[in-house]
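Notes to accompany the following structure.
Please treat every number below as a calculation from the coordinates, not as lab data. As the structure is a prediction and not an experimental result, all values here were calculated from the model. Counting neighbours? That spans all protein chains shown, and the Cβs are built from the backbone with ideal geometry, glycine included.
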Ligand code: PMP
Ligand code: GLN
């Protein structure tokens, strides 16, 4: 990869994010954008009205550094309500500029140069950059897709080798960054897998940072928090945000929760990144967090129906399709359509089919590990999903 002039060595190799690139391609070609993960409609009116009202009533100056007290309270109430977890809103919650800032601030605050950070590979793209900015070293544990037989038997679970995870822990390991439900694969980590992660964290005295931005998009069973496993309460920072849950991805209200000493450390880094953000959006996200179960159930069920619409069509066209257990992304293996390289496939897709998708290779430490995989986002209106799959059918079936 060519070096960008002026850019520090910590950021060499991190060009424009794939999401911005593919969305720009969609706009330029007029293709239907199933690439970047954002919904194509706004979230609940109560929530947007609360933001408008906040702006009108003068909630427009810097909010308090840790976040507005009522939002921190709403975050703590949400953890109690959904996970039976008691969190002190004053010392154990920090409001951030999206989950992205919470993750970056955690890495910057907690890692020394040369520390190792374990991730499951592929990862959401900001992890690699955040680890590099912190001067730390990423250590990947590869997630394997289900076999064709498993897919035929109805399983879409991606798995990892427990021994590979055990081997990844070593004296240099500072933390493990775990994303469940997982972007891009849609994997939801099982109780056994989380128990193993917890056991290894305790054994090696490692901190866990969990990214749970898709916590309300688990399609089967309940979302499980690593923080609730034995020995983890004192060593887990749980990160989430309102972007996905309330379909306001542009507002960038996120949060980190965990034991007071870890949150105090992360707050120290966070205050010099953005200091604060999104004053009028903070009370609005508090309204969202307090919505009734009907909202949360409706949101999940709506996305579940979209998942099935997209995955059934993709499979029917002939794509080997991994229907996700969570998130709003489905993965296909383009070898099923006679292609080897998902990057080339995605670059030509706007022209061949008028559709934009994201090559999963970009999420891997070594792109070759994910070359045949392509990710489609289904947080789109049904008409668009139907039109996009009709176009794919015409191009490939
Ligand atoms: N983590 C994962 C796994 C994501 O997919 C995203 C994108 N929503 C983020 C973090 C970033 O979240 P936010 O927009 O709240 O910064
Ligand atoms: N999380 C979204 C995705 O995976 C995109 C966020 C972004 O554009 N940085 O597509």
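Name the residue, out of 46, 21, 192, whose mean-square fluctuation peaks in a Gaussian network model built on the chain with Cα pairs under 10 Å.
Taking springs between Cα atoms under 10 Å, the residue moving most is 192.
What whole number of Å gives the distance from the Cα centroid of the stretch 252-305 to the Cα centroid of the stretch 68-103?
7
Please work out the C-alpha center-to-center distance from the stretch 133-169 to the stretch 313-343 and express it in whole Å.
18
From the helices alone, meaning DSSP H stretches of at least four residues, give me the mean residue ellipticity at 222 nm for the chain, per-run term -39500 (n - 2.57), in deg cm²/dmol to the nearest 500.
Mean residue ellipticity at 222 nm (helix-derived): -12500 deg cm²/dmol.
Just for the stretch 173-299, what percent of DSSP beta bridges are antiparallel, to the closest 5? Please report the intermediate quantities before stating the final value.
Working: 4 of 13 bridges.
Restricted to the stretch 173-299, the bridges split so that about 30 percent are antiparallel.
Counting only DSSP beta bridges with both residues in the chain, tell me the antiparallel percent, nearest 5.
Antiparallel bridges make up about 50 percent of those DSSP assigns within the chain.
Ranked by Cβ crowding within 10 angstrom, fewest neighbours first, how are 257, 68 ordered?
Ranking 257, 68 by Cβ neighbours within 10 Å, fewest first, gives 68, 257.
For the residues 363, 322, what sequence is obtained by ranking on other C-beta atoms within 10 Å, fewest first?
363, 322
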